[in-house]
Amino acid sequence: MNSAKVETKKNPIVRLLTMNTSGQTSGRSLPLWRQILLQIICVAILLSVMFPIMYIVTLSFSPKTTRPSTLELIPKEISFIAYQQVLDRPTGNPVTFIELLKNSVFLSVGVGLAALVIAVTAAYAFSRLKFKLREILMILVFIPLLMPAVGLSTPLYLLLNQIQIKQCAGNQVAIQPFTSCGGEAKGKLVFNLRDSLLGVGIAMTATALPFAVWNLKGYLDTIPKELEEAAAIDGADTNQTFWQIVIPLAAPQLAVTFFLGFIGHWQEFVTTWLFLSQPKDYTLAMTLYNMTGQYANSVPWNRFAAMAVIVALPVAIVYIGLQKQIVGGLTTGGVKG
Amino acid sequence: MEIAKSSKKKTQWKRASLPYFYLLPAFLVMGVITFYPLIYQLIISFTNFESKDLLLGLKSPDLQFIGFKNYVDIFTAALPVENFNFFRVLEFNFWWALSNVMLHVPAGVLIATLLNTEGLWLKRIYRAIYILPVVVPPLVVATVWTNIFDERYGAMNQLLTSIGTYFGNTAPVYIRWFEDVKPPIPGFLPGAPLTLAYYAMMVANFWLGWPFMSVVATGALQSIPRDLYEAASIDGATGTQQFWGITVPLLRPAMIPAAVYGFTLSFNLFNFVFFMTGGGPARSTELLVTFAYNLVRNLRWYGVAAAFAVIIFVVALIVFLITNRITRATQNYQEA
């Protein structure tokens, strides 16, 4: 009884928010006035969350090609014309939407898979096996993680740029840096690894790989060891244990690591924008940037909005499907390592 | 006897070397595409590498080793770049990350607490919708907010205009979010003026940031045993006392790693700055990563860019050592 009196003297906002923080205390119901107040706060937050989403969705369903002059947050009509136009002709260049999609999928799925496959055995070794250089090698894997992708892009740009295929005079082909056209003859550039999807994929894998090792190790650490120990008693060696016990057990987490890589590289912008110069290699993320702000003087905003929705959807779907695993992985597996 | 011994030795050697075979694929690939470039970067950071050296690399005849000149130029603002001062960028970068986390974490915890209130109607719907900002790719978020803050057609100015009409102000609001150089609160951060663009980015990043913290806090809140609250109630603790005495300390082990994660994420938040302001106006919102990008892509001073990346690495290492210490300290707290 006494506590109720003390409570009223406290800051009303704190009091309002701090009741029953466990959410499970005995079944007293919320007084109506407090329910209404909390509902008002909840709705206000809801509106702030929905504001940009409704704005962009409304814009994407608008048939108007002029820029918005007044604020509209609820679609007055549903028109798919912007989506249609974006799918037909996404940029000013003769690149089809399918090609852009293919490039994005190639990079995000390719890098996600490559990093996963190369990383998994190393992650297992770090998680389960004992060997002399374990600590030092683990630090070595960890070092590149400190470097933001931008920081590693300079040397990768320079190194990949030195690998070129050239067509020399007299139909000879030179592969730099191993062979060259000889003398002052420059030759016609046929292929520059830096300016290709393959090269960008390599550059992206350079930062994705240490992350995958680290992340997978965190996951593998959380798998109980009992099954492996039982297998060892039954005479299974390390290789058998790895392929027949650990891989099947870890399959869901391998999938999560792959999808984390997919989400990250689907929206990769730094390396692609820095390395690629030919419109045929552009990705969806690059196209979206081209439609934004100062670069988009002639692009109608309904098309920009439609493109934003299209780029966001695959990631949103994956994320909603794997929400628990992703958040769990980032907060426990990832940080505690 | 002799044979048996050698075969035993062989299997022993096999067993000892097995872990290295497991490491081989990753280290082979990383050796070529991660470690070698990192070393290469360190080397060219001591050179005057420019566009003309692109083809021949280190074999280029024009390439000179110039010692620490690139580093000195960066630190002493001797680069021929307008408005560039390394220490101001560094200060802004730290403040940017810190101010974001200082807003996102408390907001996330408060909203999670709010949604955990017993008997609140429509909880599930609120939870489902509040998660949406986490789900949208940050790249798309950055582009959308860029257009929202557009000075002529953007939603923010339109929203402010329509709010203004309620108060009898019919003139359209025209705020130049990304162009205005004058800081709205002068002297707020000594040495690095915070322009309107900073506040615009804060709004956008707040929208993106708190829901993640709220998800983490919700998980931690639900694992707090309810007996604690019951016992506290019996002992006469008020709601406020329970919040500070039970909820906050028990949330800390979950929130500190999340805050560290958020700090690192904001510290290198390339997309927002690059899309919304491009580092402007007058480089007031430049981060280390966006300036590094400028050096490579626009200025093409590869030697300077390499030196800058090495500096970023050292800064990141220091940040990591500090944050790691903080996380460790809270883990001990949790165990105690």
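The values are calculated or read from the model by the stated rules, or taken from the named source; none is laboratory data. Just so you know, these numbers come straight off a predicted model, no measurement behind them. With ideal geometry, Cβ positions are generated from the backbone for all residues, glycine too; neighbour counts draw on all protein chains shown. The protein model used for the area step is the full one, side chains on, heavy atoms only, and it has no ligands, DNA or RNA in it. Shrake-Rupley method; radii C 1.70, N 1.55, O 1.52, S 1.80 Å.
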**OP:** Could you list, in sequence order, all residues of segment B:285-303 that are more than 18 Å from B:ARG88 (Cα to Cα), more than 8 Å from chain A (Cβ to nearest Cβ) and of a type in the set (D, E, K, R)?
**Re:** B:ARG300
**OP:** Evaluate segment A:163-178: report whether one residue or more is within 30 Å of A:ALA212 (Cα to Cα) and touching a strand residue (DSSP E or B) at 6+ places or on another chain (Cβ under 7 Å).
**Re:** yes
Original post:
For segment B:68-98, which residues satisfy the criterion of being among the hydroxyl-bearing types (Ser, Thr, Tyr) and out of contact with any helix residue (DSSP H, G or I) (no Cβ under 7 Å at 6 or more places or on another chain)?
Top reply: B:THR76
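A quick yes/no check of all residues on (1) of a type outside the set (Gly, Ala, Ser); (2) in contact with a Leu (Cβ under 9 Å, 6 or more places away or on another chain); (3) modelled with pLDDT of 90 or more:
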position	(1), (2), (3)
A:LEU100	yes, yes, yes
A:ASN103	yes, yes, yes
A:GLY110	no, yes, yes
A:GLU135	yes, no, no
A:LEU146	yes, yes, no
A:SER153	no, yes, yes
A:ILE165	yes, yes, no
**OP:** Answer yes or no: is there a residue in segment B:255-277 that is touching a helix residue (DSSP H, G or I) at 6+ places or on another chain (Cβ under 7 Å), outside any helix (DSSP H, G or I) and either at the interface with chain A (Cβ under 9 Å from one of its Cβ atoms) or open to solvent by less than 20 Å² (accessible area, probe 1.4 Å) (or both).
**Re:** yes
**OP:** Please state which one of A:VAL213, A:VAL190, A:VAL200 is out of contact with any helix residue (DSSP H, G or I) (no Cβ under 8 Å at 6 or more places or on another chain) and either open to solvent by less than 30 Å² (accessible area, probe 1.4 Å) or part of a strand (DSSP E or B) (or both).
**Re:** A:VAL190
Subject >> Test: A:SER60 is more than 13 Å from chain B (Cβ to nearest Cβ) and open to solvent by less than 30 Å² (accessible area, probe 1.4 Å) >> reply: no
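Residues A:SER69, A:SER48: which one is at the interface with chain B (Cβ under 9 Å from one of its Cβ atoms), touching a helix residue (DSSP H, G or I) at 6+ places or on another chain (Cβ under 9 Å) and open to solvent by 60 Å² or more (accessible area, probe 1.4 Å)?
On the way: A:SER48 fails: open to solvent by 60 Å² or more (accessible area, probe 1.4 Å).
Being at the interface with chain B (Cβ under 9 Å from one of its Cβ atoms), touching a helix residue (DSSP H, G or I) at 6+ places or on another chain (Cβ under 9 Å) and open to solvent by 60 Å² or more (accessible area, probe 1.4 Å) holds for just one of A:SER69, A:SER48, which is A:SER69.
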Original post:
Inside segment B:278-305, can you point out the residues that are farther than 25 Å from B:LEU194 by Cα and either of a type in the set (Phe, Trp, Tyr) or in contact with a Pro (Cβ under 7 Å, 6 or more places away or on another chain) (or both)?
Top reply: B:TRP301, B:TYR302
Original post:
Pick from segment A:73-98 the residues that are of a type in the set (S, T, N, Q) and farther than 25 Å from A:THR58 by Cβ: which of them is modelled with the lowest pLDDT?
Top reply: A:ASN93
Original post:
Restricting to segment A:62-91, what's the tally of residues that are in contact (Cβ under 8 Å) with a residue 24 or more places away in the chain and either out of contact with any Phe, Trp or Tyr (no Cβ under 6 Å at 6 or more places or on another chain) or β-branched (Val, Ile, Thr) (or both)?
Top reply: 11
**OP:** Tell me, yes or no, whether segment A:95-113 has at least one residue that is open to solvent by less than 60 Å² (accessible area, probe 1.4 Å), in a loop (DSSP other than H, G, I, E, B) and more than 9 Å from chain B (Cβ to nearest Cβ).
**Re:** yes
Original post:
Which of the residues that make up segment B:304-317 are surrounded by 23 or more Cβ atoms within 10 Å (Cβ to Cβ), in contact (Cβ under 8 Å) with a residue 60 or more places away in the chain and at the interface with another protein chain (Cβ under 9 Å from one of its Cβ atoms)?
Top reply: B:ALA306, B:PHE308, B:ALA309
Original post:
Out of (1) under 20 Å from B:ASP53 (Cα atoms); (2) free of Cβ contacts under 8 Å to residues at least 40 places away in the same chain; (3) in the same structural domain as A:PRO279 (by TED's automatic domain parsing), what's the single condition that is false for A:THR179?
Top reply: (3)
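Pick from B:LEU24, B:LEU28: which is farther than 30 Å from B:ARG297 by Cα, more than 7 Å from chain A (Cβ to nearest Cβ), among the aliphatic types (A, V, I, L, M) and free of Cβ contacts under 8 Å to residues at least 24 places away in the same chain?
Working: B:LEU28 fails: farther than 30 Å from B:ARG297 by Cα.
Result: B:LEU24 is the single residue among B:LEU24, B:LEU28 that is farther than 30 Å from B:ARG297 by Cα, more than 7 Å from chain A (Cβ to nearest Cβ), among the aliphatic types (A, V, I, L, M) and free of Cβ contacts under 8 Å to residues at least 24 places away in the same chain.
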Original post:
How many residues does segment A:124-148 contain that are under 28 Å from B:LEU42 (Cα atoms), more than 8 Å from chain B (Cβ to nearest Cβ), in contact (Cβ under 8 Å) with a residue 12 or more places away in the chain and not aromatic (Phe, Trp, Tyr)?
Top reply: 2
Original post:
Based on what the data block shows, is B:SER162 in the same structural domain as B:LEU221 (by TED's automatic domain parsing), polar (S, T, N, Q) and touching a residue at least 12 places away in the same chain (Cβ under 8 Å)?
Top reply: no
**OP:** Within segment B:63-86, identify whether any single residue is outside any loop (DSSP other than H, G, I, E, B), free of Cβ contacts under 8 Å to residues at least 24 places away in the same chain and closer than 30 Å to A:CYS181 by Cα, and answer yes or no.
**Re:** yes
